[in-house]
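Take a look at the structure below.
Please treat every number below as a calculation from the coordinates, not as lab data. Keep in mind that what you see is a predicted model, and the values were worked out from it rather than measured. Ideal geometry is used to build each Cβ from the backbone, glycine not excepted, and the neighbour counts take in all protein chains shown.
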Amino acid sequence: MTNSITKIESHLANNRQQTESAAQNAWTAANSTQLGVNKHIETQKSMDGLSRQMNDIVIAMGTMGKEVSKAINQQEMALQKLREDTKVLQETLQAVEERVSPTDSMDKDHQWEPVAQYS
């Protein structure tokens, strides 16, 4: 009977050791899994932050695009106004030249002498 008790105690000790080893392995696996989950959460937070930054960049680029488009439209309008003003000035200059030309030919015969200045 002592032999049977010794065998039972030996089996219990082995079972206890195997149970403790299994528990430690389970704890190590759970700890590793938790570390993996934590790393995943950290990565996800970083990705969310990058996503928000990209969204901000896209919004800023859209705003800049609108401003650039507005500036280009203003420049095009100013250029068109400049073209129109240049055309008016050319027409005015041509009209002035047409009126001055007959006067110039009359003035060729009558050279004006500068008035002497007295001190």
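Annotations for the structure displayed:
- Normalised by residue count, region 1-104 yields a Cα convex hull volume of 72 Å³ per residue.
- Under 29 Å from Lys81, Cα to Cα: lysines that are on another chain or at least 8 residues apart: Lys66, Lys70
- Charged neighbours of Ser46, selected by a Cβ distance under 15 Å, balance to +1 (K, R count +1; D, E count -1).
- Alpha carbon Rg of region 1-59, scaled by the compact-globule rule 2.2 N^0.38 Å: 2.42
- Gained length - Glu42 relative to Trp27, 0.36 nm times residue gap less alpha-carbon distance: 3.2 nm
- Charged-residue dipole, Cβ positions (Lys, Arg, Asp, Glu), region 16-86 about Cα centre, Debye nearest 20: 180 debye
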